[in-house]
Amino acid sequence: MFRRTVFDSVLIAFVLSILAVACFVTTEDQLLNLVRDLGAVIAFLAVGIGVSLLFRQMKIVTLGDVLFKTVSVEKIPSWYKGFWGWQLVISLVLALIVAVVKTQFSFVELLDQNGFAGAVRLFNGLFHPNWDVLPRAILNIIETIFMAFLATTLAIPAAFLLSFFCAKNIMKGPTAYSIYLTLRTILNVTRSIEALIWAIIFSVWVGIGPFAGMLALMIHSVASLAKQYSEMVEGVDEGPIEAIESTGANKLQTIWYAIVPQVLLPYISFTVYRWDINVRMATVIGLVGGGGIGTMLVQYQGQGMWREVGCIIVVIAVVVWALDQASAYIREALK
């Protein structure tokens with residue numbers, strides 16, 4: 001009931017916000033008063049909560065009811081006959097309109113002759129690579145691969161330990177649950193900051209180069225792997241746990257003998273996949289000084305040397321494809 005009310009109130013507030021902006025805002029400067037904007041959003045949410053509760057009393061099936069299953073399936077009308085369907089359609093249409101406006105989507109700009117001619121010149125360079133830079137590109141892609149490898153390797157022990165502290169089925173009790181919530185929050189915040197941002201931070205901290213890129217990938221990998229690992233722990237079979245506990249085993253022994261054997265192979269599979277992801281991300285964080293082939297790419301791109309960029313793109317594509325195939329075969333073999 002609570003989640004249904006919150007969801008519907010947010011949708012209603014979203015619609016009211018768009019209508020308010022469309023009717024009363026003529027310039028973007030009018031939206032720069034954050035205090036007033038926040039007050040308006042809170043007011044719209046309050047209205048949304050009131051309307052949601054009113055719909056509940058009137059037994060009107062909303063999208064929140066359908067998503068969170070607060071009513072039986074038999075009472076849900078067809079989408080075109082019920083309020084919930086039109087609520088979904090209107091919300092999607094308004095979101096699409098806002099997206100088009102904010103991205104300044106334009107077929108006129110897309111089909112502009114001058115811009116298209118420039119794109120043709122760019123692609124002409126990309127499809128006719130300058131192979132003279134191939135040796136240097138290969139050296140840089142090797143650096144990128146090992147940067148991702150070291151980041152993944154260093155992230156594994158930390159993520160492995162944190163995963164058990166971030167699993168709800170293990171962290172029971174007031175103190176343990178508070179630790180679980182704290183670690184989950186920290187990891188969620190860490191993971192929400194893209195590796196690109198971490199690369200900027202570490203480029204200032206330790207200087208521009210592959211070390212900064214490796215640290216950025218490591219931090220992001222710890223947060224991501226710990227989340228994936230902990231979800232595997234939460235999904236284990238409870239039977240072996242109960243069997244081990246019945247022998248008088250302590251918490252550590254229970255984890256080692258009942259949980260670790262169940263999650264070991266999925267852990268390895270996720271780790272291999274994470275290394276594959278890190279190789280791809282390593283080519284991007286080089287754009288902000290994280291080292292590897294990304295730094296080489298941004299140098300040539302900034303000078304408009306598209307033939308050299310084409311050679312680098314070929315190298316990146318081949319390596320990423322090869323690693324993707326290899327990691328897929330490894331994960332399949334571990335199943």
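The values are calculated or read from the model by the stated rules, or taken from the named source; none is laboratory data. None of these values were measured; they are calculated from a predicted model. Because the Cβ atoms are built from the backbone with ideal geometry, glycine has one as well, and the counts that use them run over all protein chains shown. Keep in mind that these areas ignore ligands, DNA and RNA; they rest on the heavy atoms of the full protein, side chains included. Shrake-Rupley method; radii C 1.70, N 1.55, O 1.52, S 1.80 Å.
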Scanning the stretch 181-215 residue by residue, the ones that are over 19 Å from residue 283 (Cβ atoms) and more than 21 Å from the chain's Cα centre (by Cα) total 4
Pick from 119, 155: which is under 30 Å from residue 236 (Cβ atoms) and either in contact with a Ser or Thr (Cβ under 7 Å, 6 or more places away or on another chain) or without any contact (Cβ under 8 Å) to a residue 60 or more places away in the chain (or both)? 155
Within the stretch 187-205, is there a residue that is within 30 Å of residue 245 (Cβ to Cβ), of a type in the set (A, V, I, L, M, F, W, C) and in contact (Cβ under 8 Å) with a residue 12 or more places away in the chain? yes
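If you scan the stretch 54-85, which residues turn out to be in a helix (DSSP H, G or I), touching a helix residue (DSSP H, G or I) at 6+ places or on another chain (Cβ under 9 Å) and surrounded by fewer than 15 Cβ atoms within 10 Å (Cβ to Cβ)?
We begin by selecting, within the stretch 54-85, every residue in a helix (DSSP H, G or I); these are 54-57, 63-68, 73-75, 83-85.
Retained after the next criterion (residues that are touching a helix residue (DSSP H, G or I) at 6+ places or on another chain (Cβ under 9 Å)): 55-56, 63-68, 75, 83-85.
Across the stretch 54-85, the qualifying residues are 67, 75.
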If I ask for residues that are among the polar types (S, T, N, Q) and either closer than 12 Å to residue 143 by Cβ or within 23 Å of the chain's Cα centre (by Cα) (or both), which ones from the stretch 282-319 would you list? 283, 295
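Take residues that are among the aromatic types (Phe, Trp, Tyr) and tell me which of the helices (runs of 4 or more DSSP H) falling wholly in the stretch 148-241 contain 3 or more.
On the way: elements: 174-192, 195-206, 210-234.
Qualifying helices (runs of 4 or more DSSP H): 195-206.
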Considering only the stretch 258-277, I want to know if a residue exists there that is outside any helix (DSSP H, G or I), open to solvent by 60 Å² or more (accessible area, probe 1.4 Å) and more than 30 Å from residue 294 (Cβ to Cβ). no
Contacts under 7 angstrom Cβ, first residue in the stretch 49-67 being in contact (Cβ under 8 Å) with a residue 24 or more places away in the chain, partner open to solvent by 20 Å² or more (accessible area, probe 1.4 Å) and among the aliphatic types (A, V, I, L, M), 6 or more apart: 51/12; 52/12; 63/11; 63/88; 65/71
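State the number of residues belonging to the stretch 1-48 that are among the charged types (D, E, K, R) and without any contact (Cβ under 8 Å) to a residue 24 or more places away in the chain. Explain how you work it out, then say what you get.
Let us first name the residues in the stretch 1-48 that are among the charged types (D, E, K, R), namely 3-4, 8, 28-29, 36-37.
Subsequent filtering for residues that are without any contact (Cβ under 8 Å) to a residue 24 or more places away in the chain retains 28-29, 36-37.
Here the count works out to 4.
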